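Notes to accompany the following structure.
The values are calculated or read from the model by the stated rules, or taken from the named source; none is laboratory data. Quick caveat: nothing in here was measured; it's all calculated off a predicted structure. Counting neighbours? That spans all protein chains shown, and the Cβs are built from the backbone with ideal geometry, glycine included. Surface areas here come from the heavy atoms of the whole protein model, side chains and all, with no ligands, DNA or RNA. Shrake-Rupley method; radii C 1.70, N 1.55, O 1.52, S 1.80 Å.
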Amino acid sequence: MKTIFTLMMIMLSMMAFSQTVLNTETFPTNKFNSSSIAGQSGVYNGNLTAWSLKSSANAIIEVDDAPGGGTTEALRFATGSNGTTGNPRVDSATSTNLNLNGGLCSITSLDFQFDWYVVNGDGANYEVNLQFSGDGGSAWNTVWSNTSLPASGSWNTVTVAGGIPNSNSYWTGSDFEYRFTARRNSGSSSREIWFDNIRILATSSGPDIPSFSGIPTLVQGTDLQPGAVYLYQNVVTSPQTLDALVKIEIDSNAHVSLLDNNSPNPGRFQPKVASDGVLGSGSETSSKGWVQFSITFIKDNSYVENDPLTDADDTFTPQALSGLRYQHYDVDGFVNGSGSGAGYFREIGCISSPAGIFVNTPTNITDGGTYTAGGYTWRKMLGEAVEHAGVSSDLDVTFTASFGPVPVIRFRLGFDFVKGNGGSTSVDREYATEFTCLSYPQQSTLPVRLLSFTGSFRNQATTLNWETANEQNFDHFEIERSSNGADYKAIGFKLSAGNDLSTRQSYTYPDDLSSVSGTVFYYRLKIVDKDGQFKYSNVIMIRKEARNINGVALNPNPVVDGMATVRFTSLRNSAVNFRIVDLTGKIVLQQQSKIYAGNNSISINNLDRILPGIYLLQMANDDELTTIKFNIAR
């Protein structure tokens with residue numbers, strides 16, 4: 001029995017329509033009246049607590065093993081004695097109060113769906129009804145009725161389209177209930193029916209759902225490596241066309257082995273994340289790893305690459321989307337070992353600065369709370385240590401994150417491994433994410449033209465520069481800054497320098513960051529007309545110079561005898577993942593070493609196993625990534 005307040009999105013067609021499961025009742029392993037006692041009434045406390053079950057003197061109502069080889073329990077109605085017209089036998093199973101308002105997109109209809117099974121009594125008189133109440137049970141509305149039972153021996157699915165009308169606050173109230181009733185007033189032969197998988201579905205419409213079914217283009221960095229940026233075109237096509245930039249920002253003890261598997265769910269973003277090496281090898285008893293991604297929604301064809309060696313000066317026009325939902329499916333894992341000493345592997349999903357997190361009731365996902373890392377605040381969701389078949393959409397291992405009006409969604413896909421009494425293992429897991437409903441904040445096209453917007457960092461301060469033309473009826477700029485690319489705050493204000501159509505205007509704004517924590521900052525301009533209409537500029541990223549690791553050098557270079565030493569300085573004690581990457585992006589060697597505040601010299605071992613050629617040495621330290629090029633010679 002599951003009550004769901006997330007947005008479980010099932011794409012129905014290429015049109016902007018979707019169905020959402022608001023409430024589902026799949027009966028769990030606990031039972032009610034499994035001894036089949038007639039006239040038994042009471043409260044069934046399954047996953048959806050406080051169901052009221054009532055049976056008449058010669059009838060049975062129970063929750064027990066489902067017929068036909070069902071793997072869960074189901075709800076049973078059975079009777080063997082007739083009532084009279086004036087005193088019919090009526091048995092009922094009534095849900096607890098529900099709130100159907102789960103923060104959905106624009107709803108067009110609410111439907112019922114359920115499975116039922118006839119054991120015996122097919123063709124006989126047995127009136128079965130599905131009813132709902134919007135006032136806590138004072139008045140009931142019948143939305144489905146059956147007076148002649150169908151053929152026995154198989155499960156049948158019934159859909160009551162539009163079963164819950166948009167009236168009397170049924171869609172928004174918190175005192176909604178539904179119930180099944182079985183009414184017998186003639187005949188003496190036995191009747192037996194079962195119900196399971198009772199669902200309330202919301203059909204909604206609106207703008208296109210962002211779809212990542214297209215072929216991405218690598219526009220920055222090395223394929224599958226931190227720093228790689230991919231352009232997906234036409235992820236939204238209605239009411240306007242949007243592109244998306246997907247960036248592999250950084251990783252820790254893990255790497256991307258496949259950017260996006262388009263089968264069998266082509267609209268989802270489904271990367272594969274593999275562990276760096278064998279988990280639990282040697283004396284290692286536990287390990288954690290993750291890859292950090294960002295997805296930025298931008299106006300169609302607005303991306304322009306400037307310096308191919310960095311994305312800091314790339315330009316694009318971001319598009320904020322309101323009400324965007326990010327869903328992470330199949331957050332599962334497995335048990336490693338056996339008995340009380342067993343360990344586990346479980347997937348983890350972390351979301352940066354969500355407005356809210358929704359999980360199913362019940363859920364097998366654990367809320368890991370919040371933490372801060374890399375200048376962002378993260379909400380951690382821990383998966384179930386039980387494997388679900390394939391890339392599952394099972395509701396108990398799915399969570400949904402909601403966002404305010406933002407153009408950037410940032411998330412980490414990772415794992416938590418405890419060896420226990422099990423063996424060591426290597427993992428290469430597919431993660432499934434999807435976006436659901438959205439809307440567009442109100443913006444307008446303004447006469448002013450922004451010709452350029454750039455920034456630089458020096459002496460603990462950012463200097464922003466921009467140039468405009470055609471400042472007609474233009475009022476002011478609001479300078480906004482963000483530490484995560486999603487949550488912006490106004491930090492400054494610049495009035496229009498003139499209203500001359502023929503003259504270019506130049507502006508400068510300094511931002512002192514000496515007392516501001518963080519290493520990466522995002523800036524944008526809010527361009528406001530005299531009548532209050534506005535639009536946003538492209539976003540630029542500024543990185544502080546203060547890095548933990550500095551002065552990196554590899555000696556000797558070229559490497560001739562299979563041994564080399566990396567020398568550098570560090571601001572603090574930590575650990576560094578060293579990776580040797582060939583020019584195709586393949587990791588050919590890696591090791592992890594502890595480093596200490598001050599000067600460090602680390603030997604890179606086993607270079608004699610690598611063929612001669614040009615390679616990249618990557619040093620991953622927390623949220624920093626340092627890369628240098630070197631040669632191996634013989």
- Query: How much net charge surrounds K299 when only the other residues with a Cβ under 11 Å from the Cβ of K299 are counted, with Lys and Arg +1 and Asp and Glu -1?
  - Reply: -1
- Theoretical gain in end-to-end length, M563 to T370 [0.36 nm per residue, Cα-Cα removed]: 65.2 nm
- Ignoring ligands, DNA and RNA, what percent of the 1.4 Å accessible area of segment 445-591 is carbon and sulfur? 47
- Message: Using C-alpha positions alone, give me the convex hull volume of segment 592-634 per residue in cubic angstrom.
- Response: 97
- Task: Work out the P(r) tail for segment 247-368: percent of alpha carbon pairs separated by more than 26 Å, whole number.
- Result: 40
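Diagonalise the Cα gyration tensor of segment 477-603 and give the resulting equivalent ellipsoid semi-axes, square root of 5 times each eigenvalue, largest first, whole Å.
Working: eigenvalues 420, 60, 38 Å².
Working through the eigenvalues yields semi-axes of 46, 17, 14 Å.
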- At what distance in nm do the modelled label points of N234 and N45 sit from each other, each positioned 7 Å from its Cα along Cα→Cβ? 5.6
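Pairs K494/K544; K31/K380; K544/K629; K489/K535; K288/K594: which are spaced more than 27 Å apart, C-alpha to C-alpha? Please list the in-between numbers first.
Numbers: K494/K544 24 Å; K31/K380 34 Å; K544/K629 23 Å; K489/K535 15 Å; K288/K594 16 Å.
Among K494/K544; K31/K380; K544/K629; K489/K535; K288/K594, the Cα-Cα distance tops 27 Å for K31/K380.
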- Query: Near D332, within a Cβ-to-Cβ distance under 10 Å, what is the net charge of the other residues, with Lys and Arg +1 and Asp and Glu -1?
  - Reply: -4
- Item | Partners for K299 among aspartates and glutamates (Cα-Cα distance below 18 Å; same-chain residues under 8 apart left out) | D208, D243, D311, D313, D314
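Ranked from highest to lowest mean number of other Cβ atoms within 10 Å per residue, what is the order of the peptides 126-134, 333-341, 232-240? Walk me through the numbers before you get to the answer.
On the way: 126-134: 20.9, 333-341: 13.9, 232-240: 16.3.
The densest-packed peptide leads the list: 126-134, 232-240, 333-341.
Which of the trypsin sites (Lys or Arg not before Pro) found in segment 454-513 are in a DSSP loop and have at most 15 neighbouring Cβ atoms, other than their own, within 10 Å? Before the final figure, lay out each step's value.
Working: sites: R458, R481, K489, K494, R504; in loops: R504.
Answer in residue order: R504.
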- Query: Once segment 476-518 is represented by equal point scatterers at the alpha-carbon sites, with solvent omitted, what log10 I(q)/I(0) does the Debye formula produce at q = 0.14, 0.23, 0.27, 0.32 Å⁻¹?
  - Reply: -0.47, -0.89, -1.05, -1.22
- Query: Leaving out ligands, DNA and RNA, what percent of the accessible area of segment 219-334 is carbon and sulfur, probe 1.4 Å?
  - Reply: 48
- Item | Distant-in-sequence amide H partners of A373 (H built 1.01 Å from N, under 5 Å) | W378
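What FRET efficiency would be calculated for the residue pair I215, L451, taking the C-beta separation as r and a Förster radius of 41 Å, to the nearest 0.05? Can you show the working numbers first?
Details: r = 33 Å, r/R0 = 0.80.
My answer for the efficiency is 0.80.
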- If each of T108 and E305 carries a label point 7 Å out from its Cα toward its Cβ, how far apart are those two points in nm? 4.0
- Diffusion constant of segment 336-399 at 37 °C, which comes from Stokes-Einstein with the Kirkwood Cα-pair radius and 0.692 mPa s, µm²/s: 247
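Given N residues in segment 550-634, what is its alpha carbon radius of gyration divided by 2.2 N^0.38 Å? Each step should come with its number before you reach the end.
Working: Rg = 12.3 Å, N = 85, 2.2 N^0.38 = 11.9 Å.
Compared with the compact-globule rule of thumb, segment 550-634 sits at 1.03.
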